[in-house]
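Undergrad: Attaching a single structure in structure tokens format; questions to follow.
The values are calculated or read from the model by the stated rules, or taken from the named source; none is laboratory data. In this text the structure is predicted, and so the values were computed from the model without any measurement. Please note: Cβ atoms are built from the backbone with ideal geometry, for glycine as well, and neighbour counts cover all protein chains shown.
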Amino acid sequence: MLMEQLTFPEVERLSREVPVLIPFGSVEEHGAHLPLATDVYTIYRVAELAARRTPLLVAPPVYYGLCRSTSDHPGTISLRGETLRALVLDLLRAFHRQGFELFLLVSGHAGGTHMAFILDAAEAFLAEHPRVRVAVASILDLLRDYARDLIETPGDSHAGEWETALIKYFYPELVKGEGQAEYPNFPKYFLVSNKRRFWPGGVWGDPGKADPEKGQRLAHRLAEGLELIIKSLKEFEL
């Protein structure tokens, strides 16, 4: 069930054994063909599919995240890591005050630094409340574990095959053209101030291999993966 559509008496009647899934995304460039909110749109709709398969409270999504490598592209609006960490911790504490103890943090934005701050906040929350159960995953984790065989493009990770396929399935009206295959060429080990110079088009993969049918298969595989994680979360012994 989607929390944002419930009334407070409906939330009050929920069993506190129902897991809470908090979706995270970003407002970030996704090539010239996909919307800035791609990361939110994909993970939130996949979470909605999972909630049809298993008892699950899907929290309203967090639109903003930490975007490092795309920070020079127009439309990318990034949080500081400290801000993201504080936000995650505040959300977990607020849900816990309402009695919930099972949490799944899933991010449609899979940047390494972004995920590290989410994970660090979850660890801090677990240290405060050792009896809660918390799982953390990115959409890339789910793809690698539950849908790897559906992806044709090696190393596809941003605005390429799988993200374009998901948006073509969920929001076909938001896709502007086909997009161009591209891979960034950042210098190894070095940080650079002009990031767009090394990644001008903002695509990491091949959008040309995407279609709505593949997006549908991917979406349902990812939802099945979430269902399995939730089952494990419920059964996990502290």
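Undergrad: Out of all the residues in region 85-99, is one or more within 27 Å of Leu233 (Cα to Cα), in a loop (DSSP other than H, G, I, E, B) and in contact (Cβ under 8 Å) with a residue 40 or more places away in the chain? Full working, then the answer.
TA: Of the residues in region 85-99, the ones within 27 Å of Leu233 (Cα to Cα) are 85-99.
If we keep only those that are in a loop (DSSP other than H, G, I, E, B) as well, we get 98-99.
If we keep only those that are in contact (Cβ under 8 Å) with a residue 40 or more places away in the chain as well, we get 98-99.
Checked against the condition, which is being within 27 Å of Leu233 (Cα to Cα), in a loop (DSSP other than H, G, I, E, B) and in contact (Cβ under 8 Å) with a residue 40 or more places away in the chain, region 85-99 yields at least one hit.
Undergrad: Could you tell me how many of the residues in region 176-220 are of a type in the set (Gly, Ala, Ser), out of contact with any His (no Cβ under 6 Å at 6 or more places or on another chain) and modelled with pLDDT of 95 or more? Break it down into steps so the answer makes sense when it comes.
TA: From region 176-220, those of a type in the set (Gly, Ala, Ser) are 177, 179, 181, 193, 201-202, 205, 208, 210, 215, 219; that's our starting set.
Then drop every residue that is not out of contact with any His (no Cβ under 6 Å at 6 or more places or on another chain), which leaves 181, 193, 201, 205, 208, 210, 215, 219.
Next cut, modelled with pLDDT of 95 or more only: 181, 201, 205, 208, 210, 215, 219.
Number satisfying all stated conditions: 7.
Undergrad: Now, a different point. Quick one: which residue in Arg221, Arg217, Arg196 is among the charged types (D, E, K, R), surrounded by 13 or more Cβ atoms within 10 Å (Cβ to Cβ), more than 22 Å from the chain's Cα centre (by Cα) and assigned to a helix (DSSP H, G or I)? It would help to see each step written out before you state the result.
TA: Working: Arg221 fails: more than 22 Å from the chain's Cα centre (by Cα); Arg217 fails: more than 22 Å from the chain's Cα centre (by Cα).
On inspection, the qualifying residue turns out to be Arg196.
Undergrad: Then there's this: Taking only pairs six or more apart or across chains, which ones have beta-carbon atoms under 7 Å, a first residue in region 35-56 that is in contact (Cβ under 8 Å) with a residue 40 or more places away in the chain and on the phi < 0 side of the Ramachandran plot, and a second residue that is among the charged types (D, E, K, R) and part of a helix (DSSP H, G or I)?
TA: So the pair list comes out as Thr38/Glu163; Thr42/Glu163; Ala50/Glu227; Arg53/Glu227; Thr54/Glu227.
Undergrad: Filtering region 175-193 down to residues that are out of contact with any strand residue (DSSP E or B) (no Cβ under 9 Å at 6 or more places or on another chain) and on the phi > 0 side of the Ramachandran plot, which residue is surrounded by the most Cβ atoms within 10 Å (Cβ to Cβ)?
TA: For region 175-193, the residue satisfying everything is Gly177.
Undergrad: What's the number of the condition His73 fails, among (1) touching a Phe, Trp or Tyr at 6+ places or on another chain (Cβ under 9 Å); (2) part of a helix (DSSP H, G or I); (3) within 30 Å of Pro207 (Cβ to Cβ); (4) in contact (Cβ under 8 Å) with a residue 60 or more places away in the chain?
TA: Going through the list (1) touching a Phe, Trp or Tyr at 6+ places or on another chain (Cβ under 9 Å); (2) part of a helix (DSSP H, G or I); (3) within 30 Å of Pro207 (Cβ to Cβ); (4) in contact (Cβ under 8 Å) with a residue 60 or more places away in the chain, His73 breaks only (2).
Undergrad: While we're on this one: Working only within region 152-174, note down all residues that are assigned to a loop (DSSP other than H, G, I, E, B) and out of contact with any His (no Cβ under 6 Å at 6 or more places or on another chain). Give the derivation first.
TA: In the first step, residues of region 152-174 are kept if they are assigned to a loop (DSSP other than H, G, I, E, B); the result is 152-157, 159-160, 171.
Residues satisfying the conditions are Glu152, Thr153, Pro154, Gly155, Asp156, Ser157, Gly160, Tyr171.
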